[in-house]
Amino acid sequence: NPEYDPVVVSFPRGVPSSLADEGSSNSTANNDSISFMYSKLKASSSRGKRVIGLDASETCTYTATASGRGHDGRLTKLHVIVYDKKLNTWKVIPTAEKGTVFALDQAVVDYVPNVMDGGMGIGGGNAAGGGAMNASERVELLVESFGSKKKQKVMASRAANMVNINSVVGAGNVMMNSVQSQGEKISDGNKDAMVNDGKDSGALNANEVALMQARRALLPPFDDKADAPHKIYDAQQIAGPVVWKRCSQIVDKVFDKSQASNTDFVEDLLGKKDHVPQSMITLISSINPNKRGNSYRLKAAFFLFLVMRFHSRISKKDFITGNTVDDCVNFTKLPHEIGVRLFEIFTTRMEGGKENG
């Protein structure tokens, strides 16, 4: 049809046997072994095309699509040469969708995987005993069938070194029965003395000590004896003396300036409100700087604002590179002392650059 460019398809997984047999001299197959349909990719748009093929037995489908973009970066495009015997001329025509070759993806219609009891274990019906194989068993079968001799030796050595739990001393019910029998021989008086001694000593066991150390290493400094939520964490301890002093200087200076010039203290402290989270504006606006005892709350809120701005800057990148820490601090646009402290708390140094990070 001269109104349409020729549609060219390929079979990356191999030409189907029905098509391959058509090329043989003794083939009895007809030309309808696979029927193709060429249509729009989307009904609402003229851009993009779809090719769908269905074999004569209606068991396999072949599909491929093209987005239809004119500049897709391809270095080669397919053209078809049509030769006219009568006029003794030939014409070069690009294939459909600007020289596209539709690579067909083969699929089986209404394919149901081999499953058992609602599970999705691959090869479940073929496993010994009728149960689905686990991951290690599937790996072992793959290595036995397709692995090299070296890999097979490694798998055999791994299986030989596997320890049976029933062979371990104290495994199973033997150890539990022994402990129970020993406990039955302890008198009630000795049991009470052991329980009371543990309560009176007040000492932590090894598990509690390890858990407490893990919390201390993971969380900021906290008071485990605090009787109110706001007493658990201390912003001044988290910031450190240098950063806290710097925050205090900024807050005090901005407050004195706003009082003298009669300007908005919150906007002078945080900057233009269009670039500040509304939550921070509401929080700092609720703190009266003239009220006694609110100086600490105001400085803690300002430190929280700097932490949020630090997170907003670095969350846009997977990593920040620089010859020195000062280069990284300059990227965050924070005061130097505060930026160094936040990098120390919230980031991890990369050794050897991003290739080795």
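The values are calculated or read from the model by the stated rules, or taken from the named source; none is laboratory data. Predicted model, so just to flag it, every value in this text is computed and none were measured. Cβ: placed from backbone, ideal geometry, glycine included. Neighbour counts: every protein chain shown. Heads up: the accessible areas ignore ligands, DNA and RNA and are worked out on the full protein's heavy atoms, side chains in. Shrake-Rupley method; radii C 1.70, N 1.55, O 1.52, S 1.80 Å.
Annotation note: Cβ proximity below 7 Å between a residue of segment 84-95 that is free of Cβ contacts under 8 Å to residues at least 12 places away in the same chain and under 18 Å from Asp5 (Cβ atoms) and a residue that is surrounded by 10 or more Cβ atoms within 10 Å (Cβ to Cβ) and of a type in the set (A, V, I, L, M) (sequence gap 6+ or interchain) occurs for Trp90/Val82; Lys91/Val82.
Quick one: which of Ser44, Ser25 is open to solvent by 60 Å² or more (accessible area, probe 1.4 Å), at pLDDT 75 or above and farther than 17 Å from Leu104 by Cα?
Numbers: Ser25 fails: at pLDDT 75 or above.
Going through Ser44, Ser25 in turn, just one is open to solvent by 60 Å² or more (accessible area, probe 1.4 Å), at pLDDT 75 or above and farther than 17 Å from Leu104 by Cα: Ser44.
Looking only at segment 239-277, residues that are open to solvent by less than 40 Å² (accessible area, probe 1.4 Å) and under 20 Å from Phe310 (Cα atoms) come to 13 in all.
Going by the conditions given, is Gly339 of a type in the set (Gly, Ala, Ser) and at pLDDT below 80? Quick ask: steps written out before the conclusion?
Working: of a type in the set (Gly, Ala, Ser): yes; at pLDDT below 80: no.
So Gly339 fails the test.
Only one of the numbered conditions (1) in a helix (DSSP H, G or I); (2) in contact with a helix residue (DSSP H, G or I) (Cβ under 6 Å, 6 or more places away or on another chain); (3) of a type outside the set (Lys, Arg) is violated by Gly322, and that is (1). Being part of a helix (DSSP H, G or I), more than 25 Å from Leu218 (Cα to Cα), in contact with a helix residue (DSSP H, G or I) (Cβ under 6 Å, 6 or more places away or on another chain) and not hydrophobic (A, V, I, L, M, F, W, C) is true of Asp268. Condition first: in contact (Cβ under 8 Å) with a residue 60 or more places away in the chain and under 14 Å from Ser295 (Cα atoms). Can you find one or more residues in segment 258-265 that meet it? Taking every residue of segment 258-265 in turn, none turns out to be in contact (Cβ under 8 Å) with a residue 60 or more places away in the chain and under 14 Å from Ser295 (Cα atoms).
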